[in-house]
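Undergrad: This structure is in structure tokens; I'll ask about it shortly.
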Amino acid sequence: MKSLKQLYKIGVGPSSSHTMGPVKIAERFLRENDGCDNYVVTLYGSLALTGKGHGTDTAVKKAFGQRKTEIVFDTVTKCAHPNTMELSGYSNGAEVCKMQAFSIGGGDILVAGETFSEGEEVYPHGDFQEIKNYCMQNNLRYWQYVLQYEDGDIIDYMRVIWRAMNDAVDSGLRYEGVLPGGLNVSRRAKKLMTGEGKKETSQTREDRIVSAYAFAVGEQNASGGTVVTAPTCGASGVLPAVFRYARERHGFSDEQIVRALLTAGLIGNVVKTNASISGAECGCQAEIGTACSMAAAGLAELYGMSLDEIEYGAEVALEHHLGLTCDPVCGLVQIPCIERNAVAAMRAINAVSLATFLADSRKVSFDNVVKAMYETGRDIPESYRETSVGGLAKIIADGADGDAENLK
């Protein structure tokens, strides 16, 4: 498995796979093929179908700068990977260079003909059971296991990540108005945070505040603000919401939060290594489901729960997102994406509550849920994997309940 630095990344929204990844591909191509008269970048699959809503074309053109560049959206050709790009350079009217690459989720990329090499392998174990066995044999917490194999600066790196998560929450809570993109979606984080004088119980107050934090980050992401991939931009609101609320309610220190981030990151790494964190490849279960699982594991660590209980919380969180489709309306990371972050944050807290009482009776391992998620994701029809041609995206675009008028 790779370093957690390849999982937690600070970047600009709205999509790690549709903006961060394509920009990295463009930059890689230009390092090797600069100086052509003009360039053509062809987007396929999910990149073509939702690229305009996600801002892929804008991000790629920005990466090419002043160079003459044409962006082509090919929504017909089928490719091996749903996030495929082809980049060509021309001089004197002839094609002189070409590269095919894939944006594989979380901002990571893979060039055709190469193996994934975004950082070296730092962990000797490949699945969760191997990690758990090692921790039990050596009397380690999961975060201590991470420290054994990461560079010495991983703690400082996680402190930066935690600050960036908090900055995203704070920024999102300050703004009001309408999100860009044409859906006329209002920012609601600030409204949720104030509660507007509504009567509530202690439970509804927790739900409201956790949701406000998740909405704040989701709205920052949707507006092209800075967020942390956890594991992706589209799911970036779950961890900050859960950990921020836990810190405020229980007084956890930043050092404890860092340990929770390390534990959560280990869960994300297992999913990323053995399945996928890409919505275009496996649906939203791969993004939001993984984020929920990461948050549950981190929260269980904050509570000092056992290794079995942490696994159970992570397993429950992911298991009950199985089959979750990715159908962003108009290709924007707004509906249902922002609300989905809030729901997953609350579900992570619930998963940990269940783990407190039921971990000794569990029948399903985390590794098996990861396998099930990957198989399920590959079986989900393409129209429900970040293409915006099925599900909620299609229903609204077709004008159900008069919504089509709001999209014009």
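The values are calculated or read from the model by the stated rules, or taken from the named source; none is laboratory data. All values derive from a computational prediction rather than experimental measurement. We place every Cβ from the backbone using ideal geometry, glycine too, and count neighbours over all the protein chains shown. Just the protein is used for accessible areas: all its heavy atoms, side chains included, with ligands, DNA and RNA removed. Shrake-Rupley method; radii C 1.70, N 1.55, O 1.52, S 1.80 Å.
Undergrad: Contact list please: Cβ distance under 6 Å, first residue in the stretch 150-175 and buried (at least 21 other Cβ atoms within 10 Å of the Cβ), second residue in a loop (DSSP other than H, G, I, E, B), pairs at least six apart or on different chains.
TA: The qualifying pairs are 161/8.
Undergrad: Among 323, 251, which is without any contact (Cβ under 8 Å) to a residue 12 or more places away in the chain and open to solvent by 20 Å² or more (accessible area, probe 1.4 Å)?
TA: Answer to the check: 251.
Undergrad: For the stretch 330-339, give me each residue that is crowded, with 24+ Cβ neighbours inside 10 Å and in contact with a Ser or Thr (Cβ under 9 Å, 6 or more places away or on another chain).
TA: Within the stretch 330-339, 331, 332, 333 qualify.
Undergrad: Something else: Let me confirm something: among 68, 62, which residue is surrounded by fewer than 23 Cβ atoms within 10 Å (Cβ to Cβ) and in contact with a strand residue (DSSP E or B) (Cβ under 8 Å, 6 or more places away or on another chain)?
TA: Result of the check over 68, 62: 68.
Undergrad: Right, residue 212: over 30 Å from residue 350 (Cα atoms) and aliphatic (A, V, I, L, M) or not?
TA: Criteria not met by residue 212.
Undergrad: For residue 192, indicate whether it is among the aliphatic types (A, V, I, L, M) and either crowded, with 17+ Cβ neighbours inside 10 Å or modelled with pLDDT under 95 (or both).
TA: Answer is yes for this residue.
Undergrad: Quick test for you: out of 113, 119, 105, pick the one residue that is modelled with pLDDT under 95, closer than 30 Å to residue 388 by Cα and either open to solvent by 30 Å² or more (accessible area, probe 1.4 Å) or in contact with a Phe, Trp or Tyr (Cβ under 9 Å, 6 or more places away or on another chain) (or both).
TA: Exactly one residue qualifies, and that residue is 113.
Undergrad: Something else: Does any residue in the stretch 126-144 that is more than 19 Å from residue 155 (Cβ to Cβ) come within less than 8 Å, Cβ to Cβ, of a residue that is part of a loop (DSSP other than H, G, I, E, B) six or more places away or on a different chain, and which pairs are these?
TA: 126/1; 128/365; 129/365; 131/123; 131/125; 134/125; 134/140
Undergrad: With more than 25 Å from residue 303 (Cβ to Cβ) and not acidic (Asp, Glu) as the only criterion, which of 140, 147, 110 stands out?
TA: Answer to the selection: 110.
Undergrad: For the structure I just gave you, tell me whether residue 96 is closer than 28 Å to residue 79 by Cα, touching a residue at least 60 places away in the same chain (Cβ under 8 Å) and either open to solvent by 40 Å² or more (accessible area, probe 1.4 Å) or of a type in the set (Ser, Thr, Tyr) (or both).
TA: yes
Undergrad: Among 337, 330, which is the only one that is within 21 Å of residue 220 (Cα to Cα) and either hydroxyl-bearing (Ser, Thr, Tyr) or touching a Leu at 6+ places or on another chain (Cβ under 7 Å) (or both)?
TA: Checking each option against the conditions leaves just 330.
Undergrad: Looking only at residues in the stretch 273-316 that are surrounded by fewer than 24 Cβ atoms within 10 Å (Cβ to Cβ) and not hydrophobic (A, V, I, L, M, F, W, C), which one is nearest to residue 342 (Cα to Cα)? Let's see the steps before the verdict.
TA: Keep residues of the stretch 273-316 that are surrounded by fewer than 24 Cβ atoms within 10 Å (Cβ to Cβ), which gives 273-274, 302-309.
Within this subset, residues satisfying the condition of being not hydrophobic (A, V, I, L, M, F, W, C) are 273-274, 303-304, 306, 308-309.
On the way: 273: 26, 274: 26, 303: 21, 304: 24, 306: 26, 308: 26, 309: 23 Å.
Looking at residues that are surrounded by fewer than 24 Cβ atoms within 10 Å (Cβ to Cβ) and not hydrophobic (A, V, I, L, M, F, W, C), I get 303.
Undergrad: Related question: With the condition kept exactly as written, say whether any residue in the stretch 213-229 is farther than 26 Å from residue 266 by Cα, open to solvent by 10 Å² or more (accessible area, probe 1.4 Å), aliphatic (A, V, I, L, M) and not in a helix (DSSP H, G or I).
TA: no
The rows are residues; the columns are (1) of a type in the set (Gly, Ala, Ser); (2) at positive phi; (3) in contact with a strand residue (DSSP E or B) (Cβ under 7 Å, 6 or more places away or on another chain).
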{"site": "354", "(1), (2), (3)": "no, no, no"}
{"site": "358", "(1), (2), (3)": "no, no, no"}
{"site": "363", "(1), (2), (3)": "no, no, no"}
{"site": "371", "(1), (2), (3)": "no, no, no"}
{"site": "386", "(1), (2), (3)": "no, yes, yes"}
{"site": "397", "(1), (2), (3)": "yes, no, no"}
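Undergrad: Scan the stretch 14-30 for residues that are under 28 Å from residue 260 (Cβ atoms), out of contact with any Ser or Thr (no Cβ under 7 Å at 6 or more places or on another chain) and small (Gly, Ala, Ser) and jot them down.
TA: If the condition is that a residue be under 28 Å from residue 260 (Cβ atoms), out of contact with any Ser or Thr (no Cβ under 7 Å at 6 or more places or on another chain) and small (Gly, Ala, Ser), then 15 is the only one that fits.
Undergrad: I would also like to ask the following. Got a number for residues in the stretch 195-204 being loosely packed, with under 12 Cβ neighbours inside 10 Å and part of a helix (DSSP H, G or I)?
TA: 4
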